[in-house]
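The values are calculated or read from the model by the stated rules, or taken from the named source; none is laboratory data. Every value quoted in this text rests on a predicted model; they were computed, and no experiment measured them. Here the Cβ positions follow ideal geometry from the backbone for every residue, glycine too, while neighbour counts run over all protein chains shown.
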Amino acid sequence: MVDPIGGANTDPETSGLRRRAPEEVAQPAQALLERGLTEEARAMASAAIRSSPDERSAAPLHAVLGEIARREGNWEEGVRHFEAAAAHLPVTWVYASLAECCWRTARLARALECYRRWAEEAPANGGPRLGMANVLRALGRFAEARQHLEKAGELNPADARVHAARGCLHASLDEFDDAERELSAAAALDGSLAFCRLIGFGRPFFEKLAGLPEVPAPPVIAEAGAAPGFSAVVLTSCDPLYLRKYGPYFLASYAQNAPRRSLLHLHLYDPRPELLVEVKDLFARAGIGRYVVSGGHVEVNDGTDYTRRVIYSCGRFLYLPAWMEQYRAPVLALDIDAVLENGARQLVEFAAGHDAGLTSREPPDSPWLDILAGVLVANPTPAGLSYFRLVRNYISHYLRAGEAHWHMDQIALYCSLRMLRRFADPPGIAWFSGEALHAGIWHLGHAYDYKLADERLARYRLGGRLKPDERSGSFPQEIWRWLIKR
């Protein structure tokens with residue numbers, strides 16, 4: 001099938017659309033989207049908008065494109081399309097979706113306005129009340145947030161999201177026992193919120209974590225030019241799949257924009273020996289001559305791919321304290337799907353004189369999202385080491401208990417900081433500005449493949465050809481094995 005609005009079209013479901021008014025195309029485009037044919041729906045709606053005589057007739061098509069953007073997590077595009085739709089299509093679901101997109105892009109006043117409009121049109125629905133509570137909590141208007149949560153609970157008493165939002169509100173107010181109770185209730189009601197069970201703030205838990213053993217650094221499997229004298233270490237970790245998907249962009253951007261005299265440390269999960277040939281080729285093509293590569297096999301007790309991928313996402317925190325002690329230099333830890341532009345050196349410099357540099361989510365969201373794990377600076381001060389040891393022990397505790405869940409790293413960063421503030425000497429934190437951070441380091445994101453089309457990536461393409469994505473086998477067990485025991 002070609003362009004459904006112009007040109008030959010042999011699809012019986014969409015042929016003849018050229019003769020329809022643009023607003024009549026929205027329904028078949030939505031039907032394609034619901035069948036999972038996202039690109040076909042996008043092409044159909046986009047072509048119809050181009051032929052639309054005015055914005056009013058294009059409004060339903062903007063709603064379809066907004067929904068596509070919302071599902072892809074492309075919140076800025078969602079705002080653009082839903083605003084265009086809402087101007088001429090004032091229906092409840094458009095305002096509900098626009099509210100979510102505005103909330104995700106920190107347009108809090110507009111989000112609140114849309115949630116209120118939704119609440120007026122659907123007074124028996126607790127959803128808009130919950131949305132207003134989240135926005136008001138982010139604005140620091142806690143009393144109003146509590147009122148809306150009470151109403152949401154009356155309308156939807158079995159909604160796990162209400163319990164989760166109550167837990168977040170209690171955590172914001174330092175009401176830690178109440179926060180744990182509500183978050184546990186949310187996890188019990190909804191399996192998708194199982195990670196809420198991992199959130200803890202109490203002294204017995206803190207003392208238990210403090211007594212866990214050290215985790216040694218994994219073995220080095222390749223290195224070059226790693227003699228002392230570097231100013232900072234840039235650390236990233238990944239499995240072979242992500243190395244092949246995002247590694248070329250990361251390494252090319254590192255080569256162009258890394259802090260001066262820095263050392264690159266790449267940690268690989270489950271690499272085959274032949275992967276080192278690819279890694280060294282990537283380094284050579286990027287022009288990186290100073291690096292350390294460590295690696296090891298991850299064996300999980302339940303054998304599931306989910307648990308393995310959770311460990312891939314947070315495993316570097318298990319070894320971060322050991323690397324901090326080894327290097328005795330600032331460690332800038334980044335996700336492999338990051339692209340460095342001009343902010344890496346500034347982040348290290350900004351965190352100087354502090355124990356850690358962290359990024360808080362804007363707007364504030366929850367204990368599992370409020371401290372971003374993808375960008376941080378760890379300084380090897382006594383307080384910095386104490387903080388990241390507690391983070392390590394937090395993650396290790398739950399992995400050994402068989403509780404591997406997404407957001408574990410961000411939960412550990414958040415709760416460890418709150419417990420140190422309650423029961424010990426907290427680290428001094430340099431909080432990175434989200435706006436400045438995004439200008440210097442931006443993320444592609446495994447769930448946001450649309451970003452791979454970003455024109456900024458053109459300057460970070462490496463020549464040559466990578467092997468196709470494939471599941472890697474394990475590195476020989478005599479090199480290293482990390483076994484999680486129940």
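The condition of being touching a residue at least 24 places away in the same chain (Cβ under 8 Å), within 19 Å of the chain's Cα centre (by Cα), crowded, with 20+ Cβ neighbours inside 10 Å and under 13 Å from ALA45 (Cβ atoms) holds for only one of ALA69, ALA58, that being ALA69.
When each of ALA109, ALA43, ALA31, ALA86 is tested for being among the hydrophobic types (A, V, I, L, M, F, W, C), surrounded by 20 or more Cβ atoms within 10 Å (Cβ to Cβ) and either modelled with pLDDT of 95 or more or not assigned by TED's automatic domain parsing to the domain that holds ASP449 (or both), the lone residue that passes is ALA86. Would you say ALA412 is crowded, with 22+ Cβ neighbours inside 10 Å and in a loop (DSSP other than H, G, I, E, B)? Criteria not met by ALA412. Taken across region 260-275, residues that are surrounded by fewer than 24 Cβ atoms within 10 Å (Cβ to Cβ), in contact with a strand residue (DSSP E or B) (Cβ under 8 Å, 6 or more places away or on another chain) and farther than 24 Å from ASN379 by Cα do occur, with at least one present.
So that you can scan it fast, the table gives a plain yes or no per residue for (1) in a loop (DSSP other than H, G, I, E, B); (2) at pLDDT 95 or above; (3) in the same structural domain as LEU318 (by TED's automatic domain parsing); (4) surrounded by fewer than 18 Cβ atoms within 10 Å (Cβ to Cβ):
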{"site": "LEU130", "(1), (2), (3), (4)": "no, yes, no, no"}
{"site": "ASN134", "(1), (2), (3), (4)": "no, yes, no, no"}
{"site": "ALA143", "(1), (2), (3), (4)": "no, yes, no, yes"}
{"site": "GLN147", "(1), (2), (3), (4)": "no, yes, no, yes"}
{"site": "GLY153", "(1), (2), (3), (4)": "no, yes, no, no"}
{"site": "CYS168", "(1), (2), (3), (4)": "no, yes, no, no"}
{"site": "ASP174", "(1), (2), (3), (4)": "yes, yes, no, yes"}
{"site": "GLU182", "(1), (2), (3), (4)": "no, yes, no, no"}
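The residues of region 313-343 that are surrounded by fewer than 19 Cβ atoms within 10 Å (Cβ to Cβ) and at pLDDT below 95, listed by number, are GLU341, ASN342.
Among the residues of region 355-382, those identified as surrounded by 18 or more Cβ atoms within 10 Å (Cβ to Cβ) and either over 18 Å from the mean Cα position of the chain (by Cα) or hydroxyl-bearing (Ser, Thr, Tyr) (or both) are ASP355, ALA356, THR359, SER366, ALA378, ASN379, PRO380. Annotation: ALA124 fulfils all but one of (1) without any contact (Cβ under 8 Å) to a residue 24 or more places away in the chain; (2) part of a loop (DSSP other than H, G, I, E, B); the unmet one is (1).
Given the criteria surrounded by 19 or more Cβ atoms within 10 Å (Cβ to Cβ) and in contact with a Lys or Arg (Cβ under 6 Å, 6 or more places away or on another chain), does SER231 qualify? No: the conditions fail for SER231.
Remark: pairs (first residue in region 384-401, surrounded by fewer than 24 Cβ atoms within 10 Å (Cβ to Cβ); second residue β-branched (Val, Ile, Thr) and assigned to a helix (DSSP H, G or I); Cβ separation under 9 Å; 6+ apart in sequence or on different chains) = TYR398/ILE411; LEU399/THR307; LEU399/VAL310; LEU399/ILE311.
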